[in-house]
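For reference, the structure I am asking about is given below.
The values are calculated or read from the model by the stated rules, or taken from the named source; none is laboratory data. Since we're looking at a predicted model, the values are computed, not measured. No Cβ is skipped: glycine too gets one built from the backbone with ideal geometry, and neighbour counts run over all protein chains shown. Heavy atoms of the whole protein, side chains included, go into the accessibility calculation; ligands, DNA and RNA do not. Shrake-Rupley method; radii C 1.70, N 1.55, O 1.52, S 1.80 Å.
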Amino acid sequence: MAAKNHGEVSIRDIEIKMLLGYCWWYDLPVIETLLDVLEMTLKRAISEVLPHDELLLDYTVRTNDLPDDSSEVEIIFNGISADGIEFSTPSGLVLRGDDSRGLLQKITAFRRRVNENVQRAL
């Protein structure tokens, strides 16, 4: 994650493999944990370049199956603002992995797909 305000820049990395290993070791929900870490990382990066009281995040999460079974997760940023100051956002983030679902599960996945809009105030 990167945030820029005039001449100040903050870059924060998320180690996806470490996060996945942590989730699997402690039997945590991967997608929810990833979204929580993503939100905290955005807040920290923006705080370094623009101190603020409230950060508003608006994004959409799409998966190709139930979150724990999906092989593809797409996060689309609709808007990010800190104390009313809008930040320009990238179009989104797509995470893809191996698809180990069976044929029947792939065929019926359209019933279980997630397409959820999330609005959070941090």
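After finding the eigenvalues of the alpha carbon gyration tensor for the chain, what semi-axes result from the square roots of 5 times each, listed largest first in whole Å?
After scaling each eigenvalue by five and taking roots: 30, 16, 12 Å.
Let me ask another. Given the peptides 97-105, 36-44, arrange them by the average over their residues of other C-beta atoms within 10 Å, most packed first.
The peptides rank, most packed first, as 36-44, 97-105.
Per DSSP H run of n ≥ 4, the term is -39500 (n - 2.57); total these for the chain, divide by its residue number, and report the mean residue ellipticity at 222 nm rounded to 500 deg cm²/dmol.
Computed mean residue ellipticity for the chain: -9000 deg cm²/dmol.
Let me ask something else about it. What is the helix-to-structure angle for 16-25, meaning the angle in degrees between its Cα long axis and the longest Cα principal axis of the chain, kept from 0 to 90 and rounded to the nearest 10?
50
Leaving ligands, DNA and RNA out of it, report the carbon-plus-sulfur percent of the accessible area of the chain at a 1.4 Å probe.
After summing per-atom areas, the C and S share lands at 52 percent.
Mind checking the per residue accessible area of the chain for me, 1.4 Å probe, whole number of Å²?
Ligands and nucleic acids excluded, the figure is 67 Å² per residue.
Identify which of 75, 11, 46 has the largest mean-square fluctuation in a Gaussian network model of the chain, with springs joining Cα atoms closer than 10 Å.
11
Cα axis of helix 30-49 to longest principal axis of the chain: angle in degrees, 0 to 90, nearest 10?
Helix 30-49 sits roughly 10 degrees off the main axis of the chain.
Further, regarding this structure: Looking only at 92, 79, 21, which one moves most when the chain is put into a Gaussian network model with springs between Cα atoms under 10 Å?
The residue that fluctuates most here is 21.
With the contact rule set at Cα under 8 Å and sequence spacing of 6 or more, what percent relative contact order holds for the chain?
25
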